[in-house]
Every structure is written in C-alpha cells, then in structure tokens.
Amino acid sequence: MFAAEYGLKGDPRLEAISEAIRVVPHFPKPGIMFQDITTLFLNHKVFKDIVDIFVDRYKHMTISVVAGIEARGFMFGPSIALAIGAKFVPLRKPGKLPGKVIHEAYELEYGEDCLEMHIGAVQQGEKAVVIDDVVATGGTLSAAIKLLERMGAEVVECACVIGLPDLKGKGRLNGKPLYLLVEPRFSLVEE
Ligand code: AMP
C-alpha cells in the first residue's frame, strides 16, 4: 500500500480496493502485469469508496475541471466531476473528437502516442485535476497536463487509482502532485 503522497495510509478502504483489482499477467503482451480495474466496478462499495476518496480530496479545492484520460479515466472522472460540481473534459486518443482539437504527443516504452482535447473545453485560469486508472511511466499524464496548460488551465493535481512505482511516473509530471490510492499487488514485469 502506498503512503506519504498517497495520503491515506491505514485507511481500511484501501485494502478492499487493492483486492478488487484483477492482475492479468502477460496482457496485452508478454511481461506486462495488467492492472484490470473493470473488476472494481463489479463491487458497488469499492467503486463508491474510490469516488468518495477522490471527492473528499477535491471538493474544497475550487476545481472546475475534471479531465479524464481515455479510456479508463472516463470510468472514474464523470462521477467525481458530478459530485464536486465540476465539468468533465475527455482527453481522447487521436481522431476521436469531432471538433477542433489541440494534440500532444508523448513517448511510450516502444513508440509514441497522442492525446487530444477540444479547443474551448476549458477556459483560461480554470483549476483542473487529471484522472486516470494507472500511472506507469507518467507519459500519458504529462501529455494531459500540457494540453490543459496550453489552454490556460491550472493543473492542481493528477490522480490515479494505481501507481506503478518501478516506472517513476512522478518524475515526468513537471512537479505536479500525484495522488494515488494503491500500488499494484505484483511488480509490473515478472522476474
Ligand atoms: P504511462 O503513460 O506509461 O504512465 O501509462 C499509463 C497509461 O497506460 C494509463 O492510461 C493506463 O491505463 C495504461 N497502463 C500502463 N501500464 C498499465 C498496466 N500495467 N496495467 C493497466 N494499464 C496500464
């Protein structure tokens, strides 16, 4: 279980959250320990606890934007946005958003990917939090931060359910705080 920046050390809800995550070895390719969060949603209490934890953290920070990263950030972001009275902004893979977009490329372990955001989705000076399921290298979150900042938003924090500490994702976030609930129950890559 995470501590320090994870803020909730000792919270009894974390144990159940961790246990509700299914770990699928060698998916989608050999060596990856895939953190399958779909199993969290089969347990209403676990899903609610996760949303409650994020809502409690962000409800008094005058955040007006919850930005969710495709696809699994979409599974948490809207519930959090509704509860804290913020808008939800989807950050999507290339070619999915129909309006005018800005895009930001980022490096993957092998290759490159890109995130896009609709122009006009956020306004100058808005306070935003970025939500995703897992942080590994931090490349995806760093692209999300850049998109929001290019539109003049202030990214207050990034939040994920699971953090993979072996990949040091936090170092790529340009000093932005990273709020994580649990670490994976198994290392990312099998010995
Ligand atoms: P990264 O950009 O390296 O921090 O990777 C984070 C993105 O990749 C997130 O959108 C995750 O959904 C996905 N991801 C990376 N590693 C895993 C993993 N082991 N299990 C599940 N999703 C992962």
First select every other residue whose beta carbon is under 11 angstrom from the beta carbon of His118; then total the charges, Lys and Arg +1, Asp and Glu -1. +2
Segment 112-184 - convex hull of alpha carbons, volume per residue in Å³: 84 Å³
Cβ-derived FRET efficiency at R0 35 Å, Lys45 paired with Asn174, nearest 0.05: 0.50
Name the residue, out of Ile119, Ile84, Ile17, whose mean-square fluctuation peaks in a Gaussian network model built on the chain with Cα pairs under 10 Å. Ile119
Can you give me the long-range amide H partners of Cys114? Hydrogens built in the peptide plane at 1.01 Å from N, cutoff under 5 Å, separation of 5 or more residues or another chain. Tyr106
Of the DSSP H helices in the chain, the ones reaching 24 Å or more along their long axis in Cα terms and averaging at least 0.5 in Kyte-Doolittle hydropathy are none
Label 7 Å along Cα→Cβ of Ile119; segment 61-93 residues with amide nitrogen under 18 Å? 90-92
Which length gain, in nm to one decimal place, applies between Asp166 and Arg13 when the Cα-Cα distance is subtracted from 0.36 nm times their residue separation? 52.7 nm
Would you mind telling me the antiparallel percentage of the DSSP bridges in the chain, rounded to 5? 35 percent
Expressed as a fraction of 2.2 N^0.38 Å, the rule-of-thumb size for a compact globular protein of N residues, what is the C-alpha radius of gyration of segment 37-191? 0.99
Within the under-13-Å Cβ sphere about Glu15, not counting Glu15, Lys/Arg +1 and Asp/Glu -1 give a net charge of 0
Over 23 Å between Cα atoms: which of Lys48/Lys87; Lys48/Lys146; Lys87/Lys146 fall into that group? Lys48/Lys146
Under a Gaussian network model of the chain whose springs join Cα atoms within less than 10 Å, the largest fluctuation of Lys29, Lys176, Lys48 belongs to Lys29
Can you list residues whose amide H is under 5 Å from Ile119's amide H, if they're 5+ apart or on another chain and H is modeled 1.01 Å from N? Lys100, Val101, Ile102
If the cut-off is 18 Å between C-alpha atoms, which lysines fall inside it for Lys168, apart from same-chain ones fewer than 8 positions away? Lys176
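Bear in mind these aren't lab numbers, they're just calculated from the coordinates by the rules spelled out. Note that the coordinates shown come from a computational prediction; the quantities given were computed from them, not determined experimentally. All Cβ positions, even for glycine, are placed from backbone atoms using ideal geometry, and neighbour counts span all protein chains on display.
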